[in-house]
Amino acid sequence: HLHGGINKFRELSGYNFSMYEKYISKLQSYCRKRGHNSEKIIKSILQDYCSIHNLSDPKYNVKLAKGNIIEFVCDTNKIIGIDVTNTEKKQSVSGKWTKKKYQNFLDELWVVVFSDSFTKEDYTKWNNESPDNVKIFSVYEFLKELDYSIDENTKSKIDKYNSCTFHTKEQFKSGYKL
């Protein structure tokens, strides 16, 4: 699914895509790739954090219930599930507790958002409507919560994924910095 999924298969099979279908296929592929890369950054941070604090390694892609899989679960003195999202849409953040109901299986649910366009006012608004055991963080708020410092290379990657969108990705490829 990281390589274009069914739409890529249809394209290779000779299916004639409309311009809209090609756009949606490329957008979906980009979003999956961006999400995967953001998760890799958080995975690396969590592994290092757990190692530093002598905690057991975080568990990855944990099945909480049928059809309900969360990216990371850390066992500190409580069970914390961490969901990483690149969303620019507030509704899909609230879907983590209204549709997925991750918080019902965990002591705490932390939603880590990679996006420059998701503002502090959005966090406050949506967090007020979320259950008590749900916390929403920008990636930098997440690092502050952990009291974790990152190197310049990791900071550069985070900044890129925070500000790069499907519509600005070509500028990043050519080295142009927003």
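See the values below:
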{"quantity": "Residues with amide H under 5 Å from that of residue 115, placed H, sequence gap 5 or more", "calculated": "139"}
{"quantity": "Length added when fully stretched, residue 40-residue 107, from 0.36 nm per residue minus Cα-Cα", "calculated": "21.8 nm"}
{"quantity": "Extension gain, residue 121 back to residue 148 (0.36 nm per residue minus Cα-Cα distance, nm)", "calculated": "7.3 nm"}
{"quantity": "Surface share of carbon and sulfur [accessible, 1.4 angstrom probe, percent] for region 37-84", "calculated": "46 percent"}
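The values are calculated or read from the model by the stated rules, or taken from the named source; none is laboratory data. Keep in mind it's a predicted model, so treat the numbers as computed, not measured. Ligands, DNA and RNA are stripped out before the accessible areas are found, and what is left, the full protein with its side chains, is counted by its heavy atoms. Shrake-Rupley method; radii C 1.70, N 1.55, O 1.52, S 1.80 Å.
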